[in-house]
Amino acid sequence: MCGIVGYIGHRDAYPVIINGLKRLEYRGYDSAGIALYDGTQIQLAKTKGKVVDLQERASKEITKKGTLGIGHTRWATHGVPNDVNSHPHYSNSGDLVIIHNGIIENYASVKKELINRGYTFKSDTDTEVLVNLIEEIKKEEGVKLGKAVQLALNEVVGAYAIAVFDKNKPDEIVVAKLGSPLAIGVGDNEFFVASDASPFIEFTNNAIYLEDEEMAIIRRGRDVKVRKIGNDKEVKPFIQELQLNIEQIEKGGYDHFMLKEIYEQPSVIKDTYRGRLLADKGIIKLGGLEEYIPKFVNADRIIIVACGTSWHAGLVAEYIFEDLARIPVEVEYASEFRYRNPIITEKDVVIAISQSGETADTLAAIKLAKQKGAFVYGICNVVGSTISRETHSGTYTHAGPEIGVASTKAFTTQITVLTMIALKLAKVKGTISKTDYMMYLRELEMIPAHVEAALKSNDDIEEIAKVFKDATNFLYLGRGYNFPVALEGALKLKEISYIHAEGYPAAEMKHGPIALIDEHMPVVVIAINSDHYGKVVSNIEEIKARKGKIIAVVTEGDTAVKELADYCMEVPKTPETLTPLVTTIPLQLLSYHIAVMLNKNVDQPRNLAKSVTVE
Ligand code: M6R
């Protein structure tokens, strides 16, 4: 939940690290810091706040010189966000300096031991404990920094991606990983370290992704030596060529990443099915799936584990899988699944959905399912992420980097992948007619055009946002395939505008939430043409009778709901199974505009982080 960046080479490290931290702010943004070795000493600046605040402080406090440095953007775990708790942290001697993404769970006992040995601590962080443990071991054992880091990490319990250097040996950075991501960019006589590849993509396309329980000693102008933390076994580093480019991680003229990502949906949905869906030929071919189709087809049930928006995509998938492929599906919050001693057998298939591929709860659920013998399939966006490597097989969504903390294109591309899987299984199992199968393939190919059309309502939706921006509560209602979309619409509004919102199945309203409805309550109702249309119209009548304000998502050409609703947002017609891919678009835009009008930080909402790597 923090971002780390490091550089060692021939350039000024300061701009590399600052720009890198800005790209990683999606991972945490309550404080930031940098440490540079200027040729004689360490220059360190850190502050509560964002990277721009750090820049201001660094201009006043440090020389910004040096070709070796590390930087950090934080999402607090131990210790409130303040200047002192910000990273980097010095060891007591001032020789070592460290940045850390993760949690050291046994820090309290280690700290006690270090205090007994005379160490003092300035911050409340677990990280300051770790750097002093490294220092103590280095001194006691008379070993080099790399060895001291290795020995220290063998004494701690928890998760980490760390980078540390010693001012007396300014030609190397030592890094290590367990449970938090860490990439090493390999340039021409220069090396980069980062939580993902975005900080170094304009300098090199070559990266080494450390595996869990690996550490590396990065030597200036020389090489990267990788070894296992648990023993001294050397590992030959695999240098991967990245497909990322700089345009993908910039705003490209949009005011916010979230808006850019909403507008990217027509093209990224196409990227998701490109080469995998050949509608004319009636083919769906997913590389990771083919070999494992028998596992799915013969499974007793599919268990989907995920969090947040990815969990909502899982709920949509439950409807699609059961409806088309007739396989029983259970959808679980990953965080609950792993703690309730679930019944899992070898006959279960577990699908883990995660944009980042780093979510700690989802990862823990995967590990549990694997232990119990289930086959685990991953649906991730970030290539090479921990979840994509921990699962037996899987499919990437290919949505490109999602930087806005509020997930948008990840949701629609996840549903696209899940729909393709369901259709493929339905065909193999014979639970779908050939005509329906071909129809769905053609309709799925048309989704990008439908999303494009739905985006055309942006200006009208902005006007609706003006009317409701000061509401303090919202209800979101949907039925069937669009119940999870109601949940997702409510989540989007909550997380970026901080307005309280709840999603419900429309029919559930009369069992409680209806008590909330009065003339101040906006109710967003997904009322598209579907089997439930008549029932949803009745729900709208019930809301109207209690003076609630209706904002309806309707199918183009609708008349009945338009007469009843206060405001309507139109989406093109598509088979009900595929409607979540279009009905979610106006809800994303509505929450975006409300948040902008309320002057909220749309891309970096308070208290949140893009990838939640703590439990
Ligand atoms: O990276 P993941 O898909 O595993 O992330 C799961 C949730 O943390 C994520 O969807 C979160 O709910 C988003 N902020 C929602 O917009």
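The values are calculated or read from the model by the stated rules, or taken from the named source; none is laboratory data. Computed from a predicted structure; not experimentally measured. Here Cβ is always computed from backbone atoms with ideal geometry, including for glycine, and neighbour counts include all displayed protein chains.
Here are the numbers for this structure:
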quantity: Flag for Lys469 being touching a residue at least 24 places away in the same chain (Cβ under 8 Å), away from the ligand (no atom under 15 Å from the Cβ) and under 17 Å from Met258 (Cβ atoms); calculated: yes
quantity: Residue count for region 164-178, restricted to those that are in contact (Cβ under 8 Å) with a residue 40 or more places away in the chain and either acidic (Asp, Glu) or surrounded by 21 or more Cβ atoms within 10 Å (Cβ to Cβ) (or both); calculated: 10
quantity: Out of Ala406, Ala490, Ala465, Ala453, sole residue that is farther than 30 Å from Ala515 by Cα and either among the acidic types (Asp, Glu) or in contact with a helix residue (DSSP H, G or I) (Cβ under 9 Å, 6 or more places away or on another chain) (or both); calculated: Ala453
quantity: Residue within region 567-576 that is closer than 25 Å to Ser354 by Cα and modelled with pLDDT of 90 or more present; calculated: yes
quantity: Within region 231-259, tally of residues that are touching a residue at least 60 places away in the same chain (Cβ under 8 Å) and surrounded by 12 or more Cβ atoms within 10 Å (Cβ to Cβ); calculated: 9
quantity: Output for region 111-135, where each listed residue is more than 11 Å from His78 (Cβ to Cβ), of a type outside the set (A, V, I, L, M, F, W, C) and either touching a residue at least 60 places away in the same chain (Cβ under 8 Å) or surrounded by fewer than 20 Cβ atoms within 10 Å (Cβ to Cβ) (or both); calculated: Lys112, Glu113, Asn116, Arg117, Gly118, Tyr119, Thr120, Lys122
quantity: Residue satisfying condition, being touching a residue at least 40 places away in the same chain (Cβ under 8 Å), among the charged types (D, E, K, R) and surrounded by fewer than 23 Cβ atoms within 10 Å (Cβ to Cβ), within set Lys562, Lys610, Lys600; calculated: Lys600
quantity: Test: residue in region 371-388 that is under 26 Å from Asn607 (Cβ atoms), among the β-branched types (Val, Ile, Thr) and either touching a Lys or Arg at 6+ places or on another chain (Cβ under 7 Å) or without any contact (Cβ under 8 Å) to a residue 24 or more places away in the chain (or both); calculated: no
quantity: Pick from region 315-332, criterion out of contact with any Leu (no Cβ under 8 Å at 6 or more places or on another chain) and buried (at least 18 other Cβ atoms within 10 Å of the Cβ), ranking: nearest to Ile432 (Cα to Cα); calculated: Tyr319
quantity: Out of Gly69, Gly39, Gly28, sole residue that is more than 20 Å from Lys610 (Cα to Cα) and crowded, with 18+ Cβ neighbours inside 10 Å; calculated: Gly69
quantity: Filter result (of a type outside the set (S, T, N, Q) and in a loop (DSSP other than H, G, I, E, B)) within region 420-435; calculated: Gly430, Ile432
quantity: Strands (runs of 3 or more DSSP E) (entirely within region 116-225) containing at least 1 residues that are among the basic types (Lys, Arg) and under 29 Å from the mean Cα position of the chain (by Cα); calculated: 172-178
quantity: Filtered residues of region 14-38 (kept if at pLDDT below 95 and either at positive phi or assigned to a helix (DSSP H, G or I) (or both)); calculated: Lys22, Arg23, Leu24, Glu25, Tyr26, Arg27, Gly28
quantity: Sole residue being under 22 Å from Ala148 (Cβ atoms) and surrounded by fewer than 17 Cβ atoms within 10 Å (Cβ to Cβ), chosen from Ser93, Ser59; calculated: Ser93
quantity: Test: residue in region 433-451 that is aliphatic (A, V, I, L, M) and either within 15 Å of the ligand (Cβ to nearest atom) or touching a Cys at 6+ places or on another chain (Cβ under 7 Å) (or both); calculated: no
quantity: Number of the exception - Asp300 against (1) buried (at least 16 other Cβ atoms within 10 Å of the Cβ); (2) within 19 Å of His392 (Cβ to Cβ); calculated: (1)
quantity: Subset of region 232-255 (residues that are more than 30 Å from Tyr592 (Cα to Cα), at pLDDT 90 or above and out of contact with any strand residue (DSSP E or B) (no Cβ under 7 Å at 6 or more places or on another chain)); calculated: Lys236
quantity: Qualifying residue in region 189-210 (condition: surrounded by fewer than 17 Cβ atoms within 10 Å (Cβ to Cβ), acidic (Asp, Glu), modelled with pLDDT under 95 and under 20 Å from Lys138 (Cβ atoms)); calculated: no
quantity: Residue selected from region 420-433 under the condition at negative phi and small (Gly, Ala, Ser), by the criterion surrounded by the fewest Cβ atoms within 10 Å (Cβ to Cβ); calculated: Ser433
quantity: Total residues in region 1-60, condition within 24 Å of Ala159 (Cβ to Cβ) and hydroxyl-bearing (Ser, Thr, Tyr); calculated: 4
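Every residue, every condition in (1) hydrophobic (A, V, I, L, M, F, W, C); (2) in contact with a strand residue (DSSP E or B) (Cβ under 7 Å, 6 or more places away or on another chain); (3) over 17 Å from Ala501 (Cα atoms), yes or no:
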{"position": "Gly557", "(1), (2), (3)": "no, no, yes"}
{"position": "Leu564", "(1), (2), (3)": "yes, yes, yes"}
{"position": "Cys568", "(1), (2), (3)": "yes, yes, yes"}
{"position": "Pro572", "(1), (2), (3)": "no, no, yes"}
{"position": "Glu576", "(1), (2), (3)": "no, no, yes"}
{"position": "Pro586", "(1), (2), (3)": "no, yes, no"}
{"position": "Val602", "(1), (2), (3)": "yes, no, no"}
{"position": "Arg606", "(1), (2), (3)": "no, no, no"}
{"position": "Lys610", "(1), (2), (3)": "no, no, yes"}
